[in-house]
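A.B. asks: For reference, the structure I am asking about is given below.
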Amino acid sequence: MDTSEILRTFTRLDARALRAERAHAKTEQDHRSTQAALKQVHEELDQVSRLAEIFYDLSLRLVDHMLGERGSKEDGQDQKSASTILDMVLKQVEQQESETEVGTTRESSVTTDARAAETNS
């Protein structure tokens, strides 16, 4: 190898090293911006979680307050806690959903039976 070939090789290696450094710097910058975005998302998620807890506690307090007023007006009745009412509402919603699913299943089986009858005719 003569001197000119060695210089060309060094030049190519230097250019590759420069491109690698630039790519590495860009990757580090992307990584930092992604970490900053992730940190912001986590902070927003924490805020939303705290707000959800506040709204949940507030709704329980409102229900307890309303039941307390109702209980003071109607002396003969036991006061129900908010959790009991929420349990009852949840059971009603689940029952309605199961009835809807059964109705949907029945409708699809009737449609399938009708199609089978048409093809047999």
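No lab work stands behind these numbers, since they all come straight from the coordinates. These numbers were taken from a predicted model, which means no experiment stands behind them. No Cβ is skipped: glycine too gets one built from the backbone with ideal geometry, and neighbour counts run over all protein chains shown.
A.B. asks: So, counting K/R as plus one and D/E as minus one, what does the shell of residues with Cβ under 12 Å around R8 add up to? Walk me through the numbers on the way to the answer.
C.D. replies: Numbers: positive: R12; negative: D2, E5, D14.
Every neighbour counted, the sum reads -2.
A.B. asks: Translational diffusion coefficient, Stokes-Einstein: compute it for region 1-54 using the Kirkwood radius over C-alpha pairs as Rh, at 37 °C and 0.692 mPa s, and state it as an integer in µm² s⁻¹.
C.D. replies: Working: Rh = 14.8 Å.
Approximately 222 µm²/s, per Stokes-Einstein.
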